[in-house]
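The values are calculated or read from the model by the stated rules, or taken from the named source; none is laboratory data. Computed from a predicted structure; not experimentally measured. Quick reminder, even Gly has a Cβ in these numbers, built from the backbone with ideal geometry, and neighbours come from all protein chains shown. These accessible areas exclude ligands, DNA and RNA; they are computed on the full protein's heavy atoms, side chains included. Shrake-Rupley method; radii C 1.70, N 1.55, O 1.52, S 1.80 Å.
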Amino acid sequence: MRGGEVVWVAEVGFLLPRGALLLLGICGALSLDIKTSPEVRGYVGEEVVLKCSFKSSFPITESLTIDWTYRPITGGHMETVFHYQSVAYTASVGRFKDRISWVGNAAKGDASIAIQSPSVSDNGTFICSVKNPPDVYHNIPQTVLIVTERGFSFQLTSVTLLSIVVFIPSTVVVVLMLVRMGRKSGVIKEKKKPGCKKSSVEESE
Ligand SMILES: *[C@@H]1O[C@H](CO)[C@@H](O)[C@H](O)[C@H]1NC(C)=O
């Protein structure tokens, strides 16, 4: 155990400034560090990956467990959708029945999962929880999953495209017309001026 601690402190020492290291030394209980994305966007029917990575101060053993829990955005109770201990156990009941797959690598500190064919009703909060006894205390990072129809954003872009396709040519046409009108009136003025002069000359004569 001591050896593991020393190795870990040396590793962390590379990454953190001394103040943070001191703080870690004081609250040494929080020795498992878990990281997830705060928000993940998914599209209906397209596999979405929920990333989770962890760092433990102890070597990873067979007793390492990973649990993913889910709570709908509308509220309601939490459900476990994935469990890992040596092998992956995906949800065989509930909302995510047969829709979760293990894409992580416990030995490399990767606890990511993927959700197949998400729907808009899957909006909610996921929590990635890792225990590597005796390293069991950790932060609880949450990932909010937002699933939208890709069709919506596609419509938006096609509206934008259409307006560009219509707007730019019509602007060009208007500018060209203005330039033409400007030239014509200029030409008329130029023609009129000598004409006027002549007539004025003629009149005076
Ligand atoms: C999920 O979130 C998206 C984006 O906010 C929203 O468009 C969609 O209606 C939500 N679905 C449900 C069931 O609330």
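Full extension of the chain segment joining S121 with R41 gains 27.5 nm, where the gain is 0.36 nm per residue of separation less the Cα-Cα distance. At the residue level, K184 shows approximately 140 square angstrom of accessible surface with a 1.4 angstrom probe and all protein chains present. A 1.4 Å probe over all protein chains sorts R183, R150, R95, R41 by accessible area into R183, R41, R150, R95, starting with the largest.
Amide H contacts of G42: I146, V147, T148, each under 5 Å away and 5 or more positions distant or on a separate chain (H built 1.01 Å from N in the peptide plane; Pro and chain starts excluded). Classify the stretch 35-110: rounded, prolate or oblate, from the alpha-carbon gyration tensor (a ≥ b ≥ c, eigenvalue square roots; a/c under 1.5 rounded; otherwise prolate if a/b is larger than b/c)? In terms of gyration-tensor shape, prolate. Fully extending the segment from E149 to N105 would add 12.8 nm, taking 0.36 nm per residue of separation and subtracting the current Cα-Cα distance.
Close amide H partners of K51, meaning residues 5 or more places away or on another chain with modelled amide H under 5 Å apart, are S37. Net length available on complete extension from T74 to S170 is 29.9 nm, with 0.36 nm assigned per residue and the Cα-Cα distance removed. To the nearest 10, the accessible area of E79 is 50 Å² with a 1.4 Å probe.
Model label points for V159 and Q85, set 7 angstrom from Cα along the Cα-to-Cβ axis, are 5.2 nm apart. Once amide H atoms are built 1.01 Å from N in the peptide plane, which residues 5 or more positions from V81, or in another chain, come under 5 Å H to H? Long-range HN contacts for V81: W68, T69, Y70.
The phi-based Karplus calculation (6.51 cos²θ - 1.76 cosθ + 1.60; θ = phi - 60°) puts the 3J(HN,Hα) values of the stretch 169-182 at x, 5, 5, 4, 4, 4, 4, 4, 5, 4, 4, 4, 4, x Hz, whole numbers, x for Gly and Pro.
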